[in-house]
């Protein structure tokens, strides 16, 4: 068994956090920390499973059993370099040097720029794949990113 860390945002959860903690626990999410930020509920999982796909899908099934359906696996989308550096366990400066092609093989994934904010956003599954191929990301983090992408 492997341990996989991932975050599921439950966009349609609207309730007291203490009430939800018990419900999620009883539904099988006893391996997740239930959190709230700006009235958005999310669960930080550390789930043991044979593979990342099994870990993620079983967590989503547990949450859906409570009637929630607007779910987002955070590792499937776009993020800033700062967020991705934290996921990868490295400094933002180190990841920035890779993004500027000052380190690594020079083929760091290209960013997408937010039109309103003009801030660079990168697709985490692409960056995770690149970091894994460079030997800079643990296999379990890579598997979560690849599973979330498919």
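Numbers for the structure displayed
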read-out: Members of segment 22-38 that are in contact (Cβ under 8 Å) with a residue 12 or more places away in the chain and closer than 15 Å to residue 67 by Cα; value: 23, 24, 27, 28, 29
read-out: From the options 140, 133, residue that is within 23 Å of residue 6 (Cβ to Cβ) and either more than 16 Å from the chain's Cα centre (by Cα) or at pLDDT below 90 (or both); value: 133
read-out: Helices (runs of 4 or more DSSP H) lying entirely in segment 1-94 (those with 2 or more residues that are at pLDDT 95 or above and either on the phi < 0 side of the Ramachandran plot or in contact with a helix residue (DSSP H, G or I) (Cβ under 6 Å, 6 or more places away or on another chain) (or both)); value: 17-26, 52-64
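The values are calculated or read from the model by the stated rules, or taken from the named source; none is laboratory data. These figures come from a predicted structure and were not determined experimentally. Please note: Cβ atoms are built from the backbone with ideal geometry, for glycine as well, and neighbour counts cover all protein chains shown.
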